[in-house]
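The values are calculated or read from the model by the stated rules, or taken from the named source; none is laboratory data. These numbers come from a predicted model, not from an experiment. Every residue, glycine as well, gets a Cβ built from its backbone with ideal geometry; the counts of neighbours run over all protein chains shown. Note: areas computed on protein heavy atoms with side chains; ligands, DNA, RNA excluded. Shrake-Rupley method; radii C 1.70, N 1.55, O 1.52, S 1.80 Å.
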Amino acid sequence: MSYHILVLDLDGTLTNSKKEISQPTLEALIDIQQKGKKVILASGRPTKGVIPLANQLRLGDYNNYILSFNGARITNCKDGSILYNKTLPPDVIHPLFQITRKFQGLDILAYTPENIISGIFPNIYTELESSINRMPIIRVDDFPSAIKEPANKFLITGTPDVIQLAKSEISEYFRSYLNIYCSDPFFLEIMPARIDKANSLLRLLNSIGFTADDMICCGDGYNDITMIETAGLGVAMANAQPLVREKADYITKSNDEDGVLHVINEFMR
C-alpha cells in the first residue's frame with residue numbers, strides 16, 4: 001500500500017520528552033514533503049502552540065496543514081487561512097464553570113490568541129499546559145464574563161481521579177450537546193459536538209482530493225484513537241496509552257526512539 005499523507009500528533013508522538021523534534025526526524029519529514037508527500041499536524045494544542053513546530057517542519061513551503069484544538073480549527077500553513085473553525089455554544093460556559101468549581105483542585109482553561117485564561121486557580125497541570133504551548137497564564141475572577149470571543153475548546157485540568165469524577169458529571173449534564181474526553185488522564189477536553197481529529201481530517205481530505213486509505217496517523221493519547229481507527233494505517237507509539245495501542249494497526253518505537261522516523265522509513269520511503 002502506498003501512503004501519501006502522514007498525520008502526526010505532537011506531544012508524546014512527534015516530539016520527544018524534551019518537547020523537541022529530533023534532527024533525523026526533522027530531516028526525514030522535510031525530505032518526504034520535498035518528494036510530494038503531505039504532512040499534517042493534528043493536536044489538542046491551541047493554534048499558537050502548533051505553529052512553531054509547523055514552521056520548523058516548513059509546512060507552509062509545501063502547502064500543508066495543521067489541525068489545532070483537536071480538529072476544531074484547520075489552518076493552511078501556506079497562507080494562514082482558516083479552512084474550518086468550529087466553536088462551542090456560548091450557553092455552555094456558565095454551567096460548565098459551575099460544575100468544574102465543585103471539584104477541589106480543578107482548573108478550567110480557555111485560550112486567547114496569545115494567552116491561557118485560568119478560570120479557578122492554576123494547578124500543576126495548568127502550568128504544564130502553559131509550558132507546552134509557551135503561552136502565559138492569565139487568572140480571572142469571573143471566568144464566564146472573561147470569555148469575550150467564541151471558544152474552540154475549554155480544558156479542565158487536575159489530578160486523574162478528580163478529572164474522572166468531573167468527566168462523569170459533565171458528560172451526564174451535557175450528553176450529546178458536547179464532545180467530552182480525556183487527551184491525557186489530567187486533561188479533560190471540552191469540545192463542540194462531533195468534533196475530533198478523525199472528523200476534521202476527513203473534512204480536510206475531501207477538500208484536497210484524498211481518502212482515509214491514503215493516510216497514516218500516528219498518536220499516543222486518547223484523543224488520537226479516532227484518527228488511528230480511521231486511517232489507512234493507524235500507528236500507536238510504543239509509549240502510547242494501552243487502549244491506543246490496542247486500537248492501532250501498527251506499533252512503532254517510542255517518541256524518544258524516533259518512532260515517527262521509523263514509520264517514515266517503513267512505509268513512506
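Quick look at the numbers
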| read-out | value |
| --- | --- |
| Positive-end extreme of charge dipole, the stretch 103-248 - chosen from Gln241, Tyr181, Ile137 (charges on Cβ) | Tyr181 |
| The stretch 76-129 - Rg (one decimal) and Dmax (whole number), Cα, Å | 14.5, 44 |
| Helix runs (DSSP H) in the chain reaching 18 Å along axis by Cα, Kyte-Doolittle at least 0.5 | none |
| Difference of contour (0.36 nm per residue) and Cα-Cα distance, Tyr84 to Asn55 | 8.4 nm |
| GNM flexibility winner over the chain from Val92, Val235, Val244 (Cα, springs under 10 Å) | Val92 |
| Linear extension gain, Val140 paired with Lys253, 0.36 nm per residue minus alpha-carbon span | 36.5 nm |
| Carbon plus sulfur fraction of accessible area for the chain, probe 1.4 Å, in percent | 49 |
| Charge context of Ile66, other residues only, Cβ under 10 angstrom, K/R +1, D/E -1 | +2 |
| Total charge dipole magnitude, the chain, about the Cα centre, Cβ charges on Lys, Arg, Asp, Glu only, Debye to nearest 20 | 540 |
| Semi-axes of the equivalent ellipsoid for the chain, Cα gyration tensor, largest first, Å | 31, 19, 17 |
| Cα lying deepest toward the dipole's positive end in the chain, options Ser254, Thr230, Thr15, charges on Cβ | Thr230 |
| Relative contact order for the chain, counting Cα pairs under 8 Å that sit 6 or more residues apart, in percent | 20 |
| Most mobile of Ala72, Ala110, Ala146 in a GNM of the chain (Cα contacts under 10 Å) | Ala146 |
| Modelled FRET efficiency - R0 22 Å, Asp91 with Ser168, Cβ distances, 0.05 increments | 0.55 |
| Label point 7 Å beyond Cα of Arg245 along Cβ direction - residues of the stretch 186-200 with amide nitrogen under 13 Å | none |
| DSSP-defined antiparallel bridges as percent of all bridges, the stretch 1-95, nearest 5 | 45 |
| Theoretical ellipticity at 222 nm over the chain - DSSP helices of four or more residues, -39500 (n - 2.57) apiece, nearest 500 | -9500 deg cm²/dmol |
| Local electrostatic count at Lys86 - Lys and Arg +1, Asp and Glu -1, tallied over other residues with Cβ under 12 Å | +3 |
| Three principal axis lengths of the stretch 166-269 [C-alpha, angstrom, descending] | 48, 33, 18 |
| Fluctuation leader among Leu178, Leu243, Leu155 - the chain, Gaussian network, Cα springs under 10 angstrom | Leu243 |
| Kirkwood-type radius of the stretch 1-132, with distances r between different C-alpha atoms, in Å | 16.4 |
| Two-site label geometry, Asn115 and Asp161: point separation in nm, points 7 Å out along Cα→Cβ | 3.4 |
